[in-house]
Amino acid sequence: MKIIWVLVNCNTDKEADDIGKQALKQRLIACFDIFPRLKTEYFWPPKSKKTEIAKGALLTMETLPKYFKKLEKLIKKSHSDDLPFIGSIDINNVHPDFVNWMKGELQD
């Protein structure tokens, strides 16, 4: 069975923690991790020549593909950015015992 990591760039550790806890409480994810983002740089406003520099946190959440749309909706509602980065990565070859634990923790 395929699992995914959902990745979200957050502006603060607290924002990442709040989103992760909401998703966990709703059983849309089995677990989450937060990693510091030392620097992000991007053009803002769009199509301008100006760049903006920020810090923040990377939130990773482990779930099944069927929960992605609900999770995406929760993130968009809770995130401080109008256009947050939300993406997913397919994770393969996960030990069956872990997958079984994970499936048992998610809503059905």
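The values are calculated or read from the model by the stated rules, or taken from the named source; none is laboratory data. What you see is a predicted model, and the numbers here were worked out from it, not measured in a lab. Note that we place each Cβ from the backbone using ideal geometry, even for glycine, and neighbour counts take in every protein chain shown.
Among the residues of the range 44-54, is any among the aromatic types (Phe, Trp, Tyr) and either at pLDDT 95 or above or closer than 17 Å to His79 by Cα (or both)?
Residues of the range 44-54 among the aromatic types (Phe, Trp, Tyr): 44.
So of that shortlist, the ones also either at pLDDT 95 or above or closer than 17 Å to His79 by Cα (or both) come out as none.
No, that holds for no residue.
Mind checking which residues of the range 1-25 are in a loop (DSSP other than H, G, I, E, B) and in contact with a helix residue (DSSP H, G or I) (Cβ under 7 Å, 6 or more places away or on another chain)? So that I can check it myself, show each step before the final result.
Initially, the range 1-25 is screened for residues in a loop (DSSP other than H, G, I, E, B), giving 1-2, 11-12.
Scanning the range 1-25 gives Met1, Lys2.
Looking at Lys103, Lys70, Lys66, which is the one that is of a type outside the set (A, V, I, L, M, F, W, C) and either in contact with a strand residue (DSSP E or B) (Cβ under 8 Å, 6 or more places away or on another chain) or within 14 Å of Ile19 (Cα to Cα) (or both)?
Going through Lys103, Lys70, Lys66 in turn, just one is of a type outside the set (A, V, I, L, M, F, W, C) and either in contact with a strand residue (DSSP E or B) (Cβ under 8 Å, 6 or more places away or on another chain) or within 14 Å of Ile19 (Cα to Cα) (or both): Lys70.
Among the strands (runs of 3 or more DSSP E) contained in the range 28-108, which hold 3 or more residues that are among the β-branched types (Val, Ile, Thr) and out of contact with any helix residue (DSSP H, G or I) (no Cβ under 8 Å at 6 or more places or on another chain)?
Details: elements: 31-43, 51-63, 86-91.
Output list reads 51-63.
Considering every residue within the range 69-77, establish whether at least one is surrounded by 10 or more Cβ atoms within 10 Å (Cβ to Cβ) and either over 14 Å from the mean Cα position of the chain (by Cα) or among the small types (Gly, Ala, Ser) (or both).
no
From Asp13, Asp81, which residue is farther than 28 Å from Glu105 by Cα and of a type in the set (Asp, Glu)?
Details: Asp13 fails: farther than 28 Å from Glu105 by Cα.
That would be Asp81, the only listed residue that is farther than 28 Å from Glu105 by Cα and of a type in the set (Asp, Glu).
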